[in-house]
Amino acid sequence: MQMSGQGLLVILFVGLVAGWLAGKIVRGTGFGIIGDIIVGILGAFIAGWLFPTLHIHLASGIVEEILFSAIGAIVLLLIVRLIRTGGRF
């Protein structure tokens, strides 16, 4: 997989937005804005690889990237919450 510098910047920006959005949706994680943004960036990387591989398309352009990244960040926040709380929400 080849990624340009511009593609990396888009993933980072979208990850910032998605992390903030995921932090608002999944409340009570206790990571704060910086932690949620980091999880959003990780979710953006995962979503940037996973959803195109599965040929899943919800929209187009930056809107699709934000939706996918937010979904990836929400899933990551829920998994981290499960790990931190010992398997209970």
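Quick notes on this structure:
- Net charge of Cβ neighbours under 13 Å - reference Leu58; Lys, Arg +1; Asp, Glu -1: -2
- 222 nm mean residue ellipticity, helices alone, for the chain (DSSP H n ≥ 4; -39,500 (n - 2.57); rounded to 500): -27000 deg cm²/dmol
- Local electrostatic count at Ala47 - Lys and Arg +1, Asp and Glu -1, tallied over other residues with Cβ under 15 Å: -2
- Cα point-scatterer Debye curve for the chain, base-10 log of I(q)/I(0) at q = 0.17, 0.25 Å⁻¹: -0.65, -1.17
- The order of the peptides 61-70, 77-86, 37-46, 16-25 by mean Cβ neighbours within 10 Å, most packed first, is 37-46, 16-25, 61-70, 77-86.
- The simple spin-label model puts a point 7 Å past each Cα toward its Cβ; for Phe13 and Ile56 those points are separated by 2.5 nm.
Read the figures in this text as sums done on the coordinates, not as results from a lab. Just so it is clear, the structure is predicted and the values come from calculations on it, not from any experiment. Because the Cβ atoms are built from the backbone with ideal geometry, glycine has one as well, and the counts that use them run over all protein chains shown.
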